[in-house]
Amino acid sequence: MDLDDVQIMCRVQAGQVELFDVLVRRYRGPLLNVAWSKLADAAWAEDVVQETFLAAFAARATYNPRFAFRTWVWTILLNLCRRQWQRRQVRPGEHSLGTSLSAELTGYCEPVTHETALGHILQIERREQVHQLLTHLPEVQADALRLRFFGGLQFSEIALAMDSSVSAAKQRVKNGLVALADYVRQNGGDFP
């Protein structure tokens, strides 16, 4: 039984609440990647993702099947990340993404591959560098890049999740990439 997100949500609304777990398994990894990138703290990211699923489940009766579950859940995540910042009154750039954090997040941030241990460590280090670079961008550009590259969203989904036009979503991604390239170029290719 391969159900899409809308079919699952319709069944959840009809009382088959156990099917919501399928959506949790489907979206947990990408949501954690984006939340970790935005908050730079594994515990906060985990909390926000759990709150996202709890909020979506609690509001299941209000879900409109004419719209994608995917963009609905991403919108919830971004809003809860913003609230988490306000509660903690800390910007993610003020945290260090140390090796203990990398080890803790390895299980769900990095895909399973058959590469060497050194290759895996280098991949984690590159990901941490990208997370640090994103802290130098305006929030809307960084969020658009996170949704596009860590969340795998299409531009139309980014637009819905960020309450913008498709053109604005494309522009935010483009401007973010240009700003990152400029930053790296100005720093002689050195990462933060």
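The values are calculated or read from the model by the stated rules, or taken from the named source; none is laboratory data. This structure is a prediction, so every number in the text was calculated from the model and none was measured. Every residue, glycine as well, gets a Cβ built from its backbone with ideal geometry; the counts of neighbours run over all protein chains shown. Just so you know, the surface numbers come from the protein's heavy atoms only, side chains and all, with ligands and any DNA or RNA stripped out. Shrake-Rupley method; radii C 1.70, N 1.55, O 1.52, S 1.80 Å.
So that you can scan it fast, the table gives a plain yes or no per residue for (1) at pLDDT below 95; (2) out of contact with any Leu (no Cβ under 8 Å at 6 or more places or on another chain); (3) under 26 Å from Arg126 (Cβ atoms); (4) of a type in the set (S, T, N, Q):
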site	(1), (2), (3), (4)
Asp21	no, yes, no, no
Val24	no, yes, no, no
Asn33	yes, yes, yes, yes
Ser37	yes, no, yes, yes
Gln50	no, yes, no, yes
Arg66	yes, yes, no, no
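Every residue, every condition in (1) closer than 21 Å to Gly176 by Cβ; (2) at pLDDT below 90, yes or no:
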| residue | (1), (2) |
| --- | --- |
| Gln89 | no, yes |
| Leu97 | yes, yes |
| Thr113 | no, yes |
| Glu128 | yes, yes |
| Gln141 | yes, no |
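Conditions first: (1) free of Cβ contacts under 8 Å to residues at least 12 places away in the same chain; (2) part of a loop (DSSP other than H, G, I, E, B). Pro65 passes all but one, so which condition is the exception?
Among (1) free of Cβ contacts under 8 Å to residues at least 12 places away in the same chain; (2) part of a loop (DSSP other than H, G, I, E, B), Pro65 violates only (1).
Give the residue that is modelled with the highest pLDDT, with candidates limited to residues of segment 165-192 that are touching a helix residue (DSSP H, G or I) at 6+ places or on another chain (Cβ under 7 Å) and of a type in the set (Ser, Thr, Tyr).
Only one residue fits best here, namely Ser165.
In segment 160-190, how many are free of Cβ contacts under 8 Å to residues at least 12 places away in the same chain and charged (D, E, K, R)?
Selection size over segment 160-190: 4.
For the subset of segment 164-192 comprising residues that are among the small types (Gly, Ala, Ser) and open to solvent by 60 Å² or more (accessible area, probe 1.4 Å), which member is farthest from Thr71 (Cα to Cα)? If you could, list the steps in order and put the result at the bottom.
Restricting attention to segment 164-192, the residues satisfying the condition of being among the small types (Gly, Ala, Ser) are 164-165, 167-169, 176, 179, 181, 188-189.
Still in the running and open to solvent by 60 Å² or more (accessible area, probe 1.4 Å): 165, 167, 188.
Values: Ser165: 14, Ser167: 17, Gly188: 37 Å.
Looking at the filtered set, the residue picked out is Gly188.
Considering segment 1-21 alone, what residues qualify as being part of a helix (DSSP H, G or I) and open to solvent by less than 40 Å² (accessible area, probe 1.4 Å)? Full working, then the answer.
So the first thing to find is which residues in segment 1-21 are part of a helix (DSSP H, G or I), and the list is 5-13, 17-21.
Within segment 1-21, Asp5, Ile8, Met9, Val12, Leu19, Phe20 meet the criteria.
Hey, can you tell me all the residues within segment 125-163 that are in a loop (DSSP other than H, G, I, E, B) and either open to solvent by 30 Å² or more (accessible area, probe 1.4 Å) or closer than 15 Å to Arg82 by Cβ (or both)?
Our first condition is that a residue be in a loop (DSSP other than H, G, I, E, B); within segment 125-163, this holds for 135-138, 151-154, 162-163.
Thr135, His136, Pro138, Gly152, Gln154, Met162, Asp163 - these are the residues of segment 125-163 that are in a loop (DSSP other than H, G, I, E, B) and either open to solvent by 30 Å² or more (accessible area, probe 1.4 Å) or closer than 15 Å to Arg82 by Cβ (or both).
Of the conditions (1) closer than 24 Å to Arg146 by Cβ; (2) not in a helix (DSSP H, G or I); (3) not small (Gly, Ala, Ser), Thr52 fails just one. Which one is it?
(2)
Out of segment 10-51, which residues are of a type outside the set (D, E, K, R) and more than 21 Å from the chain's Cα centre (by Cα)?
From segment 10-51, those of a type outside the set (D, E, K, R) are 10, 12-17, 19-20, 22-24, 27, 29-37, 39-40, 42-45, 48-50; that's our starting set.
Across segment 10-51, the qualifying residues are Cys10, Val12, Gln13, Ala14, Gly15, Gln16, Val17, Leu19.
For residues that are open to solvent by 40 Å² or more (accessible area, probe 1.4 Å) and either touching a Cys at 6+ places or on another chain (Cβ under 8 Å) or closer than 30 Å to Gln129 by Cα (or both), tally how many sit in segment 47-69.
Total meeting the criteria: 4.
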